[in-house]
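Written out below as structure tokens is the structure these notes cover.
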Amino acid sequence: MRIAIGCDHAGVDLKHEVARFLKEQGFEVTDFGTEGAESVDYPDYARKVAEAVRTGQAERGVLICGTGIGMSISANKVPGIRAALCHDVYSARLTREDNDANVLTMGARVIGAGLAVEIVKTFFGADFAGGRHARRVEKIARIERDWAGRSG
Ligand code: RB5
């Protein structure tokens, strides 16, 4: 599986930990930045990763900022993206099984690397359950379609 990963300045160290873990597990990881401590804007990196998933360049994405919130809000603006902010393994499993989440976001100022790696392991080890959940995920897509092109 190909995974797109990105972060802002708050998430650089955790991104490297997560990317190393994913590569050790055999995933193909493409890093969309940022690198270094210079302050950057999280929507720029959320967009790169979300668009990589949207266009099929990657099957899934991981985004890390200080809280994970800005990355989640931004990534979810790209149609077809279901980005889930997870700071516990229960949510990481359920967002795959129930929501078919395709992007995981985390906050490097909220959790440590040990828990983050457990969350990543859980997220990438769980599968969409389908059934009644497929109907609900389709209703998410319907919201996107109904609002496409509307200004108000
Ligand atoms: C950057 O200071 C911070 O706002 C960002 O990393 C993130 O927490 C936004 O949601």
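The values are calculated or read from the model by the stated rules, or taken from the named source; none is laboratory data. In this text, all values refer to a predicted model and were calculated from it rather than measured experimentally. All Cβ positions, glycine included, derive from the backbone under ideal geometry; neighbour counts span all protein chains shown. Surface accessibility is based on the protein's heavy atoms, side chains included, excluding ligands, DNA and RNA. Shrake-Rupley method; radii C 1.70, N 1.55, O 1.52, S 1.80 Å.
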message: Which log10 I(q)/I(0) values does the stretch 1-149 give at q = 0.12, 0.14, 0.19, 0.21 Å⁻¹ under the Debye formula, counting every alpha carbon as one identical point scatterer?
response: -0.43, -0.59, -1.10, -1.34
message: Quick check for me: using +1 on Lys/Arg Cβ and -1 on Asp/Glu Cβ, what's the dipole size of the stretch 57-152 about its Cα centre, in debye to the nearest 20?
response: 280 debye
field: With Cα atoms, 0 to 90° folded angle of helix 42-55 axis to the chain main axis
entry: 60 degrees
Among 56, 119, 106 - extreme Cα towards positive end, dipole of the chain, charges at beta-carbon: 56
Those lysines that a straight Cα-Cα span of less than 21 Å connects to residue 77, excepting residues fewer than 8 apart in one chain: 48, 139
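How much net charge surrounds residue 98 when only the other residues with a Cβ under 10 Å from the Cβ of residue 98 are counted, with Lys and Arg +1 and Asp and Glu -1?
Charge balance near residue 98 sits at +2.
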task: Please work out how much accessible surface residue 67 shows to a 1.4 Å probe, ignoring ligands, DNA and RNA, in Å² rounded to 10.
output: 70 Å²
Solvent-accessible area, 1.4 Å probe, carbon plus sulfur percent, for the chain: 48 percent
- request: Roll a 1.4 Å probe over the protein heavy atoms and report the accessible area of residue 1 in Å², nearest 10.
  value: 90 Å²
query: Which net charge results for the neighbourhood of residue 112, defined as the other residues with beta-carbon distances under 12 angstrom from its beta-carbon, given Lys and Arg at +1 and Asp and Glu at -1?
result: -2
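Residue 15: net charge of surrounding residues, Cβ under 10 Å, Lys/Arg +1, Asp/Glu -1, itself excluded?
Values: positive: 20; negative: 8, 13, 17, 31, 35.
Result for the neighbourhood of residue 15: -4.
Starting from the Cα gyration tensor of the stretch 84-152, take the square roots of the eigenvalues, sort them a ≥ b ≥ c, and report rounded, prolate or oblate (rounded when a/c is under 1.5, otherwise prolate if a/b is larger than b/c, else oblate).
Working: a/c = 3.92, a/b = 1.62, b/c = 2.42.
Oblate is the answer for the stretch 84-152, as a/c is 1.5 or above yet b/c matches or exceeds a/b.
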Residue-normalised accessible area of the stretch 26-152, expressed per residue, 1.4 Å probe, Å²: 53 Å²
task: Using only Cα atoms, find the angle between the long axis of helix 132-147 and the longest principal axis of the chain, and express it within 0 to 90 degrees, rounded to the nearest 10.
output: 80 degrees
- request: Keeping all protein chains in position, work out how much accessible area residue 16 exposes to a 1.4 Å probe, and write it in Å² to the nearest 10.
  value: 80 Å²
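Sorting 39, 91 by accessible area (1.4 Å probe), largest first, what list results? Please list the in-between numbers first.
On the way: 39 85, 91 40 Å².
Accessible-area ranking of 39, 91, largest first: 39, 91.
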